[in-house]
Amino acid sequence: MAHKPAKMSFLIYDDKKGPVFLNTNRFALKFTLYVLPIITVLSILVIIAGSVYFKQIREMARRKEPAIIKELKATNAELNSQLQQISALNQEFEQKLSSTSTDGVNFSSLAMFKPVPGQTDLSTTPALTVDDIDFEAGDKKLKIKFNIINQTKNGRKLAGYIHILMSSPSKISFYPIKEIASEDMLISYNQGESFAFSRLRNVDAIFDLTGFDEHKVLFKILIFSRTGDLLLKKLVAKDLK
């Protein structure tokens, strides 16, 4: 048979009200004296731990914020630089297109290329040069490798298009491989391999040797600016034996 919790009685003396008699049981008393203080202490600890945790999160966010701002500033500066380059390029295009005449642009080295209004031959004082030319032959393929080096004094960024012609008395091949317009049988300067660099640019060009019966071939390297000016021309002979 279950026993009821033993009751406990208290007699409290009040100066104004007189004696007050209270009844309770041991469970309620233990809950009040032990359980409630433990819950209170645990709640305080949880609140303190939460405060410390969120304070650490705020501190991490505060430290990370300058890095994000710095990254955004760098991105913004790069975009502004690109915008200035595009603006300068557009002005140069406008100046060239304002001249409808193509007199004086039929350079002998560009006989296979479409003339560009206002085109200039800058290869006599080139802003770049070609170095470390190397050849790798095998399996009816010939690879020509070289580096384009920026020679400008301030190291400004150079951009444009690369063309390489491999020719023999009986055949000519192009890099990059392109289709020549049937109406004029000429190549556009901007059909070349695009480049943009500040210091050095590697070039790997592969040519198919099928149909090249002669042992000696001539490579013509032509580099144009974005607006069609000739930046560099270089001839390199190669013996296929």
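The values are calculated or read from the model by the stated rules, or taken from the named source; none is laboratory data. This structure is a prediction, so every number in the text was calculated from the model and none was measured. For neighbour counting, all protein chains shown are included, and Cβ atoms are generated from backbone atoms with ideal geometry for every residue, glycine included. For the accessible areas, the whole protein counts, side chains as well, though only heavy atoms, and no ligand, DNA or RNA atoms are used. Shrake-Rupley method; radii C 1.70, N 1.55, O 1.52, S 1.80 Å.
Could you list, in sequence order, the residues of region 127-159 that are at positive phi and modelled with pLDDT of 90 or more?
Step one: of region 127-159, the residues at positive phi are 132, 138-140, 155.
Residue satisfying the conditions is Asp132 alone.
In region 160-171, which residues are of a type in the set (A, V, I, L, M, F, W, C) and either exposed (fewer than 14 other Cβ atoms within 10 Å of the Cβ) or not assigned by the TED database to the domain that holds Arg226 (or both)?
Our first condition is that a residue be of a type in the set (A, V, I, L, M, F, W, C); within region 160-171, this holds for 162, 164-166.
Selection gives nothing.
Taking the condition touching a strand residue (DSSP E or B) at 6+ places or on another chain (Cβ under 8 Å), within 20 Å of Leu235 (Cβ to Cβ) and either open to solvent by 40 Å² or more (accessible area, probe 1.4 Å) or in a loop (DSSP other than H, G, I, E, B) (or both), does Lys178 pass? Full working, then the answer.
Numbers: touching a strand residue (DSSP E or B) at 6+ places or on another chain (Cβ under 8 Å): yes; within 20 Å of Leu235 (Cβ to Cβ): no; either open to solvent by 40 Å² or more (accessible area, probe 1.4 Å) or in a loop (DSSP other than H, G, I, E, B) (or both): yes.
Against the criterion (touching a strand residue (DSSP E or B) at 6+ places or on another chain (Cβ under 8 Å), within 20 Å of Leu235 (Cβ to Cβ) and either open to solvent by 40 Å² or more (accessible area, probe 1.4 Å) or in a loop (DSSP other than H, G, I, E, B) (or both)), Lys178 does not qualify.
Looking at region 187-241 only, could you name the residues that are in a strand (DSSP E or B), open to solvent by 30 Å² or more (accessible area, probe 1.4 Å) and not charged (D, E, K, R)? Break it down into steps so the answer makes sense when it comes.
Filtering region 187-241 down to residues in a strand (DSSP E or B) leaves 187, 193-197, 200-208, 216-225, 230-239.
Retained after the next criterion (residues that are open to solvent by 30 Å² or more (accessible area, probe 1.4 Å)): 193-194, 196, 200-202, 204, 206, 208, 216, 218, 220, 233-235, 237-239.
Answer for region 187-241, where residues must be in a strand (DSSP E or B), open to solvent by 30 Å² or more (accessible area, probe 1.4 Å) and not charged (D, E, K, R): Ser194, Ala196, Leu200, Asn202, Ile206, Leu218, Leu235, Ala237.
Name the single residue, out of those in region 139-156 being basic (Lys, Arg) and either more than 17 Å from Tyr175 (Cβ to Cβ) or not assigned by the TED database to the domain that holds Tyr175 (or both), that is most open to solvent (accessible area, probe 1.4 Å). Write out each step before concluding.
Step one: filter region 139-156 for residues basic (Lys, Arg), giving 140-141, 143, 145, 153, 156.
With the extra rule that they be either more than 17 Å from Tyr175 (Cβ to Cβ) or not assigned by the TED database to the domain that holds Tyr175 (or both), the set shrinks to 153, 156.
On the way: Lys153: 213, Arg156: 122 Å².
Ranking the qualifying residues of region 139-156, first place goes to Lys153.
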